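Single-structure report; data block below.
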Amino acid sequence: MNINTLSKTTADYESSKLAVALYPTSMRKEKDGKTTYHARPIFRNKLTMENIANDIIATGALEGYTPEQIISVWRVANNAMIDRVLNGSIVDGGIGTFYARVTGSFDSEQSSFASKKNAIDIAFRSGKTVKELSSQIQPAIAQGNSVKPEIISVTDIESGKSDTLTPGGFLDITGKSILVTGENDDVGLYFVNIEDESKSVKVASTKIGVNTSARIACVVPNLESGSYRIKLVTQCSKQSPRKESQSCVFPMILTVQ
């Protein structure tokens, strides 16, 4: 939390606290024999409106307000924005614009919207102010986080979303070197509950329907409500299995309602 930013009407964000990890961009090396890498943020946690309201109170930026009052106004504003967006407006929320989008394919120009194939969602595009503030940040690259297994995308087939888990539904995972294989006890696909580790569930490689280096598909276990991260542990290697297990964690947080 940057108190200097939160206590001002106009942000002038200065921080180097954004931690990122590096991952190989491609298994194929460049002409000079070197492998290039790309960065992904290392997300610390998932915050609620209550957390943000308490952050604002701590700065004294809204003296005299309670967290409940801030949340109440916030929810009313959110509902008003959602109503406008879902009725076809593009809404500038200050940090960026919100707009409706339709996902899924249509067979022809005469096709109707089908809930099993299509969905309506709200998308976000960061605005000029956020981009200017972001350009001031110098991320801290966490050394030692470059790993070969990499989860690129996670999709809950039931909802069509990447931030949701539907127990009993199918989960599709794409990546690089993500084949879950090996004899070590820790090898498997994990649904890690970030609020209560006792609710985490491990899926063994024998329970994974599609298990390849580029794609994993499985049934989402009977998870309790909460926030989860997808983690895989494998001994996958180009040649013989590695002696030591390697792990990979998808940075996005997924929610079970």
Note to self: From the list A114, A80, exactly one residue is part of a loop (DSSP other than H, G, I, E, B), small (G, A, S) and under 27 Å from the mean Cα position of the chain (by Cα). Which is it?
What the structure shows: A114
Check: From the residues in the stretch 170-187 that are part of a loop (DSSP other than H, G, I, E, B) and surrounded by fewer than 20 Cβ atoms within 10 Å (Cβ to Cβ), which one is nearest to the chain's Cα centre (by Cα)?
Finding: S177
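Would the stretch 118-136 turn up any residue that is among the charged types (D, E, K, R), part of a strand (DSSP E or B) and without any contact (Cβ under 8 Å) to a residue 24 or more places away in the chain? I'd like the intermediate steps shown before the answer.
First pass over the stretch 118-136, keeping only residues among the charged types (D, E, K, R): 121, 125, 128, 131-132.
Remaining after also requiring part of a strand (DSSP E or B): 121, 125.
Narrowing further to those that are without any contact (Cβ under 8 Å) to a residue 24 or more places away in the chain: none.
Scanning the stretch 118-136 turns up no residue that is among the charged types (D, E, K, R), part of a strand (DSSP E or B) and without any contact (Cβ under 8 Å) to a residue 24 or more places away in the chain.
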Next item on the list: Looking only at the stretch 161-169, decide whether some residue is more than 26 Å from E244 (Cβ to Cβ), open to solvent by 20 Å² or more (accessible area, probe 1.4 Å) and in contact with a Lys or Arg (Cβ under 8 Å, 6 or more places away or on another chain).
Entry: no
Notebook entry, point to check: Mind checking which residues of the stretch 193-207 are within 22 Å of the chain's Cα centre (by Cα), part of a loop (DSSP other than H, G, I, E, B) and closer than 18 Å to S247 by Cβ?
Noted result: I194, S200
Next item on the list: Tell me which residues, restricted to the stretch 1-57, are assigned to a helix (DSSP H, G or I), open to solvent by less than 70 Å² (accessible area, probe 1.4 Å) and modelled with pLDDT of 70 or more.
Entry: M49, N51, I52, A53, D55, I56, I57
Checklist line | Number of positions in the stretch 84-133 that are surrounded by 12 or more Cβ atoms within 10 Å (Cβ to Cβ) and polar (S, T, N, Q) | finding: 6
Margin query: Out of everything in the stretch 241-257 that is farther than 17 Å from K176 by Cα and at pLDDT below 85, what residue ends up being nearest to the chain's Cα centre (by Cα)?
Written below: Q257
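The values are calculated or read from the model by the stated rules, or taken from the named source; none is laboratory data. Because the structure is a prediction, the values reported are computed rather than measured. No Cβ is skipped: glycine too gets one built from the backbone with ideal geometry, and neighbour counts run over all protein chains shown. Please note that ligands, DNA and RNA were not included when accessible areas were found on the heavy atoms of the full protein model with its side chains. Shrake-Rupley method; radii C 1.70, N 1.55, O 1.52, S 1.80 Å.
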